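The values are calculated or read from the model by the stated rules, or taken from the named source; none is laboratory data. Note that this is a predicted model, so its numbers are computed, not measured. So basically every Cβ, Gly included, is an ideal-geometry build from the backbone, and we count neighbours across all protein chains shown. Remember, those area values only see protein heavy atoms, side chains included, never the ligands or the DNA or RNA. Shrake-Rupley method; radii C 1.70, N 1.55, O 1.52, S 1.80 Å.
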Amino acid sequence: MKRISLTQYLVEQQRDRGQIPPQLRLLIETVARACKRIAIAVNKGALGDVLGSADTENVQGEVQKKLDVIANEVLIEANVWGGHLAAMASEEMDTISLVPDRYPQGEYLLLFDPLDGSSNIDVNVSIGTIFSVLRKVTNHRGVDESDFMQPGRQQAAAGYCVYGPQSTLVLTVGDGVVMFTLDRETGSWVLTEDEVKIPADTKEFAINMSNMRHWDAPVKRYIDECLAGKEGPRGKDFNMRWIASMVADVHRILTRGGIFMYPWDKREPNKAGKLRLMYEANPMAFLVEQAGGAATNGRQRILDLPPEKLHERVAVVLGSRNEVERVTSYHHELDNTK
Ligand code: AHG
């Protein structure tokens, strides 16, 4: 594999395969530049006075960390003037953010979770930025929330940046998944993995086990079978990992396979799940499918779900295809007995 930069990769894709329109290339480069700035802030930690709470709450009523606020501002400021965007939506903001009239308007809509895994910031564990790109498909003048209400399969691009021992940018434009590592000395994103593939089978699951007593029967059945190991119905031992940063857990799955679940549970039965469809589930589902894996809400393909509101939540089961299909079939079996 050629060690080329993100810019070179995008230019070559655009030139050789006509995959990436110029505005989209600009958008991806802008997001990557913003991620680099966030990576620098994350790396400074206590030295940069970026740790701890910001004494504010976001739209979901969650206390924001200083880095949540910083990362959100960095992404907004970086993207507002480039001419590639029509509007942005952030997990941290109540409503969409329009590109002011004084700047040129573009055709893309950017959605992001500026800093996923906030509970890990202060303890120096991997966190990340997740982003999703839609095209404005309506003809009406201006932009409103209804422009964002598109199923995930219509994403033009999606990706995340994980800030860990290395900062890695993972991207799909609908033509497979590629990974770029930040070279801190030169400041460029360098292609380090292409044709990323998730193995169809795995022996590793990721779920917050402390919620076991609240799970629905199909999830309990699946995990019980994994825990039964070699002597159980699966005939093999399973390993468990839970980082509590979706980016880090998904990054492991894209690297060596596995299944990740944040299912609906009985703690808050009226909520479909903890994670957000537009900022977390859709971009991750797009990446996982592009790497040969699968992503469902336990019953339906995530990328087919028609969103009804910006901050909608969803149950998430994603990763190695055969395991995701198994969990999904357990849900269907239960539904068929009702
Ligand atoms: P937040 O960014 O508010 O910390 O949420 C993180 C998300 C996701 O990244 C992770 O997989 C999950 O919530 C962790 O949830 P638990 O706290 O239940 O483990």
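Worth a mention:
- Percentage, to the nearest whole number, of Cα pairs in the chain over 30 Å apart: 34
- The chain - Cys residues lacking any other Cys C-beta under 4.7 Å: Cys226
- Each residue of the range 113-127 is assigned a 3J(HN,Hα), and the resulting list reads 9, x, 9, 7, x, 3, 5, 9, 4, 6, 9, 6, 10, 3, 9 Hz, derived from the Karplus form 6.51 cos²θ - 1.76 cosθ + 1.60 (θ = phi - 60°), x at Gly and Pro.
- With the Kirkwood sum run over all distinct C-alpha pairs, the range 168-234 has a hydrodynamic radius of 15.5 Å.
- A simple spin-label model places pseudo-atoms 7 Å from Cα toward Cβ; at Glu145 and Asp175 they are separated by 3.6 nm.
- The GNM of the chain, with springs linking C-alpha atoms under 10 angstrom apart, assigns the highest mean-square fluctuation among Ala158, Ala39, Ala228 to Ala228.
- Using only alpha-carbon positions in the range 204-337, the gyration tensor eigenvalues give semi-axes of 22, 18, 14 Å once each is multiplied by 5 and square-rooted (largest first).
- When exposed loop sites are taken as chymotrypsin sites (Phe, Trp or Tyr not before Pro) in a DSSP loop with at most 15 other Cβ atoms within 10 Å, the longest stretch of the chain clear of them is 82-241.
- Distance from the range 75-152 to the range 24-50 (C-alpha centre basis), Å: 15
- Each label point was placed 7 Å from the Cα along the Cα-to-Cβ direction; for Glu12 and Arg256 their separation is 2.8 nm.
- Amide H contacts for Gln105 (H built 1.01 Å from N in the peptide plane; partners 5 or more residues away or on another chain; cut-off under 5 Å): none found.
- Solvent-accessible surface of the range 204-337, averaged per residue with a 1.4 angstrom probe and all protein chains in place: 40 square angstrom.
- Summed over the residues of the range 1-160 and divided among them, the accessible surface reaches 46 Å² per residue at a probe radius of 1.4 Å.
- Solvent-accessible area assigned to carbon and sulfur over the chain amounts to 48 percent, based on a 1.4 Å probe.
- Per-residue extension of 0.36 nm, minus the Cα-Cα distance of Leu227 and Glu185, leaves a gain of 10.7 nm for this segment.
- Of the DSSP H helices in the chain, those whose Cα atoms cover at least 27 Å axially and whose Kyte score averages 1.0 or more: none
- Note on Arg37 and Trp242: the model spin-label points, each 7 Å out from Cα along the C-beta direction, lie 3.6 nm apart.
- Net lengthening on full extension, Thr56/Glu73 (0.36 nm per residue, minus Cα-Cα): 4.7 nm
- Asp237 long-range amide H proximity, modeled H, under 5 Å: Lys230
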